[in-house]
Amino acid sequence: MLRFGPATGPVIVIALPLFEEANRTRAFAVTILRALAERGIAGALPDLPGQGESLLPTHETGLAKLRTAFAAAVSHLEAPAFTLAIRSGALLDADATVTGRYHLSPMAGADLRRELARARQASSREAGEAFDPASLDTASEPVELAGNLIAPAFLADLAAATPSSEGVRTVRLQTEAKPADARLPGSPLWRRAEPDNDLAFAQAVADDIVQWVELCAA
Amino acid sequence: MQPEGFHEVEETVRGVLRDVLGISAERAAAFDEATPLFGALPELDSMAVAGVLTEVEDRLGIIIEDDEVDGDMLETFGALVRFAASKALT
């Protein structure tokens, strides 16, 4: 687990998105934690089972395992703890004991499934193979989607998973159409082919989080 | 004669290509009706196509079915905009 900032006071715990988007947003997330540390707020970035440096293969992880691990990581930190969840990371903080949840461009598990199937279709088309998205519902072996081997049970759980609604502040890009508590100018880094960063966006998120944490603590 | 809202759709598609492919604003501003896309832009490989289509859906509030995706609608900027407009402006 990466740690930044002071040893006491509120801690912001990052829930990165699932699969490839984690790679695309990791530098951005760390930039936010560094900005928060400069503003006197602690931060942490855990690797969950099947993510990052975890030794668990991706096809052996699942939603319950990730949620339990995230909650355990949070429980090792000082209170009050808050989550900063990016995209499908918003599906992972339901079981954690936190004072608030900051969801940046959250998405439902069904949306993630759809995007994974679409990426698989694009690569299958390029390879001249056929791919039927309905096969995701009947798979008995792990399925390779957008570079990750994913267990059928995980895919089934994703179909029904939605972000928590308790203590949530939802923030989205100005270009997004879905409802949000606030919108920030920024680019959808999770859509890029290569990992990238958006320093102005990171600073804006950090500023918004500082204000929100102060309100929550009051 | 373009329907009302066509310009907004065009600027939305331009913004999607700029944001998803990481293209500079100057380069994206230069895209016109005949600018070739898939096969000509090195950033637009098949994985990026998935991201572009999903982002277009999200910003315009439309659904693009898998069987609607073919080489023609991705061939030029104009073709992609016309496709998006046909779904967003009806």
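Where a number appears in this text, it was derived from the coordinates with a stated rule and is not lab data. Not measured: the values here are computed from a predicted model. We place every Cβ from the backbone using ideal geometry, glycine too, and count neighbours over all the protein chains shown.
Most fluctuating residue of B:ASP58, B:ASP70, B:ASP32 in a GNM of chain B with Cα springs under 10 Å: which is it? Top of the fluctuation ranking is B:ASP70. 3J(HN,Hα) along region A:119-134, derived from phi through the Karplus expression 6.51 cos²θ - 1.76 cosθ + 1.60 where θ = phi - 60°, amounts to 5, 5, 5, 4, 6, 5, 4, 5, 7, x, 9, 9, 9, 9, x, 5 Hz, with x in place of Gly and Pro.
Taken along the Cα-to-beta-carbon direction at a fixed 7 Å, the label points for A:ARG34 and B:GLU26 span 2.7 nm.
Taking B:ARG14, B:ARG27, B:ARG59 in turn, the Gaussian network model of chain B (Cα-Cα springs below 10 Å) assigns the largest fluctuation to B:ARG27. Geometric descriptor of region B:27-90, per residue, is 91 Å³ (volume of the convex hull of the Cα atoms).
For the protein assembly as shown, the Cα-based Rg and Dmax, in that order, read 19.9, 64 Å. A cut-off of 5 Å between modelled amide H atoms, ignoring neighbours fewer than 5 places along the same chain, links A:ILE150 with A:VAL143, A:GLU144, A:LEU145.
Given the rule -39500 (n - 2.57) for each run of at least 4 DSSP H residues, summed and divided by the residues of chain A, what is its mean residue ellipticity at 222 nm, to the nearest 500 deg cm²/dmol?
Helices in chain A give a 222 nm mean residue ellipticity of -12000 deg cm²/dmol.
Building the convex hull from the alpha-carbon atoms of region A:28-159 and averaging its projection over directions returns 8.9 nm².
Mean residue ellipticity, 222 nm, helices only, chain B: the sum of -39500 (n - 2.57) across DSSP H runs of n ≥ 4, divided by residue count and rounded to 500, is -16500 deg cm²/dmol.
Could you compute how fast region A:136-196 diffuses translationally, taking Rh as the Kirkwood radius over C-alpha pairs and applying Stokes-Einstein at 25 °C with viscosity 0.890 mPa s? Give it in µm² per second. Intermediate results must be reported in sequence, preceding the final value.
Values: Rh = 14.7 Å.
The diffusion coefficient I find is 167 µm²/s.
Rounded to a whole number of µm²/s, how large is the Stokes-Einstein D of region A:23-88 at 25 °C and 0.890 mPa s, given Rh as the Kirkwood radius over C-alpha pairs? So the translational diffusion coefficient is about 186 µm²/s. Within region A:63-218, antiparallel bridges make up roughly 20 percent of the DSSP beta bridges whose residues both belong there. Using the alpha-carbon positions of region A:109-162, Rg (one decimal) and Dmax (whole number) come out as 10.6, 34 Å.
Using the Cβ-Cβ distance between A:ALA160 and A:GLU60 with R0 = 25 Å, the FRET efficiency computed as 1/(1 + (r/R0)^6) comes to roughly 0.75. Less than 5 angstrom separates the built amide H of A:ALA42 from those of A:ILE12, all sequence-distant by 5 or more or on a different chain.
The 3J(HN,Hα) values that the Karplus relation (6.51, -1.76, 1.60; θ = phi - 60°) gives for region A:152-165 are, in residue order, x, 5, 4, 4, 5, 5, 5, 4, 9, 6, 9, x, 4, 10 Hz. Gly and Pro appear as x.
If you run the Gaussian network model on chain A, springs between alpha carbon atoms under 10 Å, then out of A:GLY128, A:GLY40, A:GLY109 the most flexible one is A:GLY128.
For region A:56-64, backbone phi angles converted through the Karplus equation (6.51, -1.76, 1.60; θ = phi - 60°) give residue-by-residue couplings of 6, x, 4, 7, 9, 9, x, 4, 4 Hz, Gly and Pro being listed as x.
Under 5 Å between amide hydrogens, built in the peptide plane, is the criterion, and for A:ARG169 it picks out A:ARG101, A:TYR102, A:HIS103 among residues at least 5 positions away or on other chains.
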